[in-house]
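The values are calculated or read from the model by the stated rules, or taken from the named source; none is laboratory data. These figures come from a predicted structure and were not determined experimentally. Cβ placement follows ideal geometry from the backbone for every residue including glycine, while neighbour counts extend to all protein chains displayed.
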Amino acid sequence: MAFEAINKAGYTVVSMDETRLDAAISESFRIYLFDQIDSGSDRVVIDLGSVRFMDSSGLGTLVATLKKMGGQGALKLAAPQPAVLDLFNLTSMDKLFTISPTVAEAIEG
Amino acid sequence: MTDDQGQALRLEIDSELANTTLIAMAIRGLCAMTALSPVEVNRVELCVVEIVNNAIEHAYGHEKGHKVETVVHLEPAALTVTVSDWGKPVAESKLESASLPVDPDDPALWLSSGRGLPIVHSLMDSVHYQRDGDKNSFIMCKYIKG
């Protein structure tokens with residue numbers, strides 16, 4: 001599994017080379033995200049564009065990251081595919097996260 | 001397997017989370033044979049993944065070397081998926097289908113786990129849990145509207 005973080009317009013944009021954000025990788029992704037925050041990133045965009053499938057473990061990782069930020073800075077999600085967006089809507093997690101169609105819009109928003 | 005009520009397929013994996021994808025891909029393939037919409041196929045995949053992961057994580061405590069069996073029964077009007085393990089049974093209290101509240105203003109309610117079973121209950125048309133000796137099974141059914 002491969003995660004990547006780049007700096008863009010004041011945001012840390014995290015992406016992954018994975019099509020499934022599920023229980024098999026969610027803990028590794030959580031550790032990666034927590035490391036980014038511990039390293040000082042307080043404005044984070046997670047690019048979900050490559051993720052075709054997400055389960056409750058993947059969702060839990062994003063919620064844990066939001067809690068980790070403790071209301072400081074910003075955590076935004078970008079480019080979710082239909083099945084991923086459906087999961088957010090089904091669980092009402094769309095109320096917690098700022099979700100944008102593209103990374104560019106997440107940064108500008 | 002084929003009988004007069006439809007077709008059935010039995011899949012077996014070892015209890016590793018990485019193996020859940022194998023079941024998910026097989027389920028997607030089977031669903032593609034039905035009149036389920038793309039959204040419904042995604043949701044059935046999600047439910048099966050949640051229950052298989054539940055068996056690996058909770059019934060077997062992430063321990064490898066145990067069997068997780070998935071049997072898919074395909075009939076013209078319904079898809080029934082039975083996921084079985086031979087590990088620790090699910091506690092009665094966790095089988096309830098209560099939805100989990102989300103309040104953007106109350107971080108204490110931002111749960112990072114425990115959403116799997118509520119998701120399954122909300123998306124499948126029926127969900128049952130049964131114990132038969134040391135075998136524990138979730139039986140989920142999705143109706144197929146032609």
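At-a-glance table
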read-out: Filtered residues of region A:58-95 (kept if surrounded by 16 or more Cβ atoms within 10 Å (Cβ to Cβ), within 7 Å of chain B (Cβ to nearest Cβ) and of a type in the set (S, T, N, Q)); value: A:Thr91
read-out: Conditions (1) touching a residue at least 60 places away in the same chain (Cβ under 8 Å); (2) more than 20 Å from B:Pro118 (Cα to Cα); (3) among the hydrophobic types (A, V, I, L, M, F, W, C): number failed by B:Leu46; value: (2)
read-out: The listed residue being under 28 Å from B:Gln7 (Cβ atoms) and touching a residue at least 12 places away in the same chain (Cβ under 8 Å), out of B:Val90, B:Val83; value: B:Val83
read-out: The listed residue being modelled with pLDDT of 95 or more and of a type outside the set (Asp, Glu), out of B:Leu95, B:Leu79, B:Leu100, B:Leu109; value: B:Leu79
read-out: Residue in region B:4-16 that is in contact (Cβ under 8 Å) with a residue 40 or more places away in the chain, crowded, with 16+ Cβ neighbours inside 10 Å and either within 10 Å of chain A (Cβ to nearest Cβ) or closer than 20 Å to B:Arg115 by Cβ (or both) present; value: yes
read-out: B:Leu36 being outside any helix (DSSP H, G or I), of a type outside the set (Val, Ile, Thr), in contact (Cβ under 8 Å) with a residue 40 or more places away in the chain and within 14 Å of another protein chain (Cβ to nearest Cβ); value: yes
read-out: Filtered residue count, region A:20-57, keeping only those that are hydrophobic (A, V, I, L, M, F, W, C), in contact with a strand residue (DSSP E or B) (Cβ under 6 Å, 6 or more places away or on another chain), without any contact (Cβ under 8 Å) to a residue 40 or more places away in the chain and within 12 Å of chain B (Cβ to nearest Cβ); value: 2
read-out: Flag for A:Phe34 being within 23 Å of B:Ser113 (Cβ to Cβ), surrounded by fewer than 20 Cβ atoms within 10 Å (Cβ to Cβ) and touching a Phe, Trp or Tyr at 6+ places or on another chain (Cβ under 8 Å); value: no
read-out: Some residue of region A:39-50 being acidic (Asp, Glu) and more than 19 Å from A:Leu85 (Cα to Cα); value: yes
